[in-house]
Amino acid sequence: MATDWFPLWLSLRVAGLSTLIALLLSLWCAWLFSAKTFKGRNVLDAIVTLPLVLPPTVLGYYLLVLLGRNSPLGRLYEWVFGQPLVFTWQAAVVAALLHAAPLLIKFSTAALESVPRRYPKAARSLGASEWRTFWQVSLPLAWNQVLAATAIAFARSLGDFGITIMVAGNIPGRTQTISVAIYDAVEAGNGAAARVLVLVISAVALSSIWLANRLGRISLGKAA
């Protein structure tokens, strides 16, 4: 029996899009956490960290409540795009984003906080704004570490199962990602298909980890 490669291509698309959104979100949050002291910072940090410790089914339930057809966000999405968000591949992107973004935000914040303070301080003393200092001084110095964290976030979003199956479902040819397809193949007793998909996703994950380690070593070399 031929292997259905749709779950792999869908997973790569979902992971790529969710990682891009997570990267943009993490840069903003990292700038906010590393450069600003504001009231409620610890509360916001706790909210960002919460998805890392909650069970995926709980996170999936939250998304169903927030994005379902009866919710304000769900109705707004349906009004704009003409279809519900839940049980679509776009919902899988949201699920993967929730799975990967908190980790990327924490790593990106740590990378920016590791930049020696003398560099941004010197930039500000020369008249650079906080925003310009971030983009032209702090971020370039931490960029390899941020990219390493992005590679890990991609692998993490690629392998999401619990949140995805709750908000995107398991619709072959539409919303079935590779992790869901593996579960489906095991349940159906199709060991051959499960093994192929497991090997493929393992290879992609290993490649992402190798890239993250490579970028991390480059970053350490520059720091030395």
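Among helices (runs of 4 or more DSSP H) entirely within segment 1-108, having at least 3 residues that are within 30 Å of residue 119 (Cβ to Cβ) and among the hydroxyl-bearing types (Ser, Thr, Tyr) singles out 6-35. Flag: residue 157 matches the condition of being surrounded by 22 or more Cβ atoms within 10 Å (Cβ to Cβ) and either hydroxyl-bearing (Ser, Thr, Tyr) or farther than 14 Å from residue 108 by Cβ (or both).
In the set 28, 79, 89, only one residue is touching a residue at least 60 places away in the same chain (Cβ under 8 Å) and hydrophobic (A, V, I, L, M, F, W, C); that residue is 89.
To keep it simple, each residue is scored yes or no on (1) polar (S, T, N, Q); (2) surrounded by 17 or more Cβ atoms within 10 Å (Cβ to Cβ).
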{"residue": "117", "(1), (2)": "no, no"}
{"residue": "129", "(1), (2)": "yes, no"}
{"residue": "134", "(1), (2)": "no, yes"}
{"residue": "147", "(1), (2)": "no, yes"}
{"residue": "176", "(1), (2)": "yes, yes"}
{"residue": "182", "(1), (2)": "no, yes"}
{"residue": "199", "(1), (2)": "no, no"}
{"residue": "203", "(1), (2)": "no, no"}
{"residue": "206", "(1), (2)": "no, no"}
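The residues listed here are 165, 152; of these, the one that is in contact with a Gly (Cβ under 8 Å, 6 or more places away or on another chain) and modelled with pLDDT of 90 or more is 165.
The set of residues in segment 160-174 that are buried (at least 23 other Cβ atoms within 10 Å of the Cβ) and either without any contact (Cβ under 8 Å) to a residue 40 or more places away in the chain or not charged (D, E, K, R) (or both) comprises 163, 164, 167, 168.
Of all the numbered requirements in (1) at pLDDT 90 or above; (2) within 22 Å of the chain's Cα centre (by Cα); (3) among the acidic types (Asp, Glu), residue 45 misses one, and that requirement is (1). Determine whether segment 109-130 contains at least one residue that is in a helix (DSSP H, G or I), in contact with a Cys (Cβ under 8 Å, 6 or more places away or on another chain) and at pLDDT below 90. Yes.
The values are calculated or read from the model by the stated rules, or taken from the named source; none is laboratory data. Small disclaimer: the values here were computed from a predicted structure and weren't measured. FYI the Cβ positions are ideal-geometry reconstructions off the backbone, even for glycines, and counts take in every protein chain you see.
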